[in-house]
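The block underneath contains the structure these notes are about, expressed in structure tokens.
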Amino acid sequence: MRTSKKKSSVPRIPRARHAHNRQRQRLIDACISALHIYGPSRTTVEKVVAIAKMSPGIVRFYFASKAAMLVASLQFLAAEFEEQLLVPVTRLKSTPVAALELMVDLYLDPEIASPRKVSVWYAFWGEASSRQEYYDICGQKDESFAVLVRELIERLIVETAQPQLDPDGIALGLIGALEILWQDFAFRTEADIDRPAAKRRCMAYLRSVFPGEFAASPIPAEASPDGTASHGAASHGAASHGAASHVGDASPAGGGKRFAGWVYANTRLFALEREAVFQRSWQFAGHQAQIPRPGDFLGIDLGVERILILRDAMGEVRAFRNSCSELPHILIAAPRGSISVIDCAVHGLQFELDGRRRGARGTADLTAMSLRMIGDLILVRSPASGRPGASVAAAYAPAGSAPDTWADFLPPPGMRPVGLCREAMISADWKLIVEQWLEPAATDTIDASGAAIDAIRPAADAGARRSGNPRWSARAYESLVGSAAGFNWQRRFLAPNHLMELRPDGLTILQVLPIGPGRTLLRQHHFTLCASDRAARAAQYLASRHNPRARRSGIAVAESIQKGVAFGHAAAPGAATSAAAAAFRRYLAARVPSLLMGRPPAGI
């Protein structure tokens with residue numbers, strides 16, 4: 001019996017076809033180089049084949065004429081522009097901030113915007129008025145790009161709720177900025193082009209229109225005193241991801257050195273931090289025991305959000321934005337109490353305890369906050385934190401990639417609140433206060449671990465001897481809490497703004513909230529394991545003698561430092577800083593790269 005091999009159903013492409021495509025592309029590349037050198041009118045077949053190192057007769061095999069070869073070269077550039085820029089940017093249309101950042105990055109990338117290719121685009125554009133085929137190709141590229149830019153700007157206007165902005169004018173401004181930079185590229189060599197500086201200029205334009213939406217590009221360390229970077233000072237990758245060195249002492253490579261003084265009292269930077277840091281982080285809001293019955297509520301101002309936490313009719317804990325859905329005014333001003341319905345006296349509206357509006361048509365329900373329970377502790381986060389592309393640091397630290405600093409924190413069961421939350425207004429930037437928390441005495445032990453910075457403090461009696469506190473307080477504390485006093489106190493910082501002190505008698509949470517540039521609200525929450533309130537307050541007082549961070553003296557130091565920075569005084573070069581404080585600065589710089597700059601960048 002004869003056997004025959006089964007033929008493959010996929011037709012084989014002749015080798016000659018591969019060679020044909022390679023040689024044709026070789027001629028197109030040579031034609032682009034000739035156009036860059038000589039321009040369209042002086043480009044000849046002889047000059048093209050000389051660059052390609054091919055025989056003149058072979059051109060006729062691939063192109064009917066010189067004009068056909070020029071059109072093919074332009075079609076190649078147009079197809080490359082679409083494939084390498086329009087297609088990937090279009091895929092990100094649902095996240096306009098990320099799409100616009102990618103667009104600027106690709107539009108000014110040497111792969112697309114080399115002097116050789118840019119000069120060819122402009123050379124063809126000069127011929128467009130007299131050659132319809134050139135006009136069709138150039139015009140199609142420009143039209144597709146303009147439509148995409150306008151759509152992204154329009155989406156961003158809707159997301160940021162700024163209907164007063166004109167999408168056509170903003171899009172035209174961005175396209176104009178990019179075109180001017182291309183024209184500059186066309187008359188330079190690659191070594192003379194400072195691409196990171198060009199990208200910073202375009203992003204500065206977008207930040208000026210949409211403040212708080214785009215991350216500030218870092219300025220290279222080689223920048224001149226007037227703020228302009230020297231040519232080739234930073235690589236493409238460093239400029240894109242904030243990995244380059246920066247003016248000042250606070251570069252990542254420097255191990256999280258101290259920030260420049262301006263970052264502690266800048267209005268625009270304050271707005272960026274609220275968006276990039278606080279609206280993306282979990283904030284402690286209360287304890288379940290504070291709202292034991294249906295209708296009980298807590299009204300809390302977290303600086304970036306006004307929160308209403310309540311227990312609904314079914315006993316479920318809920319969190320809403322304490323703001324009317326008709327106009328953003330506060331609904332319940334009281335810090336705590338009990339209600340059966342949420343009233344808006346201004347508009348005559350009512351909302352159920354589950355946030356649904358009652359009766360009124362055309363009125364939205366209350367905005368639900370992101371809610372999280374850790375034991376009996378209630379955490380909340382702004383719903384804007386989940387909006388793709390909304391954050392200023394989205395390209396640097398997307399919401400899903402940020403470490404969860406609360407992930408492994410679990411308070412002991414059975415704790416209950418003792419006393420009311422204590423609040424103090426401090427005339428100092430919140431970052432200064434956190435840095436003060438994390439700069440312990442030389443004898444303290446600090447263990448920094450990424451964004452979650454752990455500070456483990458020794459037992460109370462040893463801590464009293466080292467810190468100079470009277471030993472009687474340590475003995476009194478030990479007598480009060482009994483054998484549990486031997487337990488090592490755990491002091492742990494949960495980025496960006498919580499200091500947790502877990503002791504044998506309970507838990508203290510220090511929370512700093514930004515109120516304005518150079519102004520901070522300090523909130524102190526105390527929870528106890530003691531049976532009586534009297535014992536709880538006594539233990540809390542004795543423990544506070546070993547923690548200077550929340551005492552008035554510590555607050556006075558922070559306010560004094562704030563005045564010093566406001567006058568332009570900075571820390572001495574090489575001043576010592578703890579590993580925990582350095583980790584905190586790196587955590588912030590990853591979300592707001594502008595913090596690394598030695599002076600305020602343009603637009604801030």
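Rule-based calculations on the coordinates, nothing more; no lab input. Values in this document were obtained by computation on a predicted structure and should not be read as measured data. So basically every Cβ, Gly included, is an ideal-geometry build from the backbone, and we count neighbours across all protein chains shown.
As a quick test, which of the pairs LYS53/LYS141; LYS257/LYS431; LYS117/LYS199; LYS93/LYS141; LYS117/LYS141; LYS47/LYS117 have an alpha carbon distance above 20 angstrom in this structure? In this structure, LYS53/LYS141 lie more than 20 Å apart at Cα. Packing around the peptides 176-188, 307-319, taken as the average count of other Cβ atoms within 10 Å per residue, puts them in this order, highest first: 307-319, 176-188.
Residue ranges 505-516, 61-72 sort as 505-516, 61-72 when ordered by packing (mean number of other C-beta atoms within 10 Å per residue, highest first). So if we plug the beta-carbon distance of ALA67 and SER144 into 1/(1 + (r/R0)^6) with R0 = 22 Å, what FRET efficiency do we get, rounded to 0.05? So, using R0 = 22 Å, E works out to roughly 0.40.
Listed by Cβ neighbour count within 10 Å, with the fewest neighbours leading, ILE37, ILE291 appear as ILE37, ILE291.
Taking 0.36 nm per residue of sequence separation and removing the Cα-Cα distance, the ALA313/ARG356 pair yields an extension gain of 14.2 nm.
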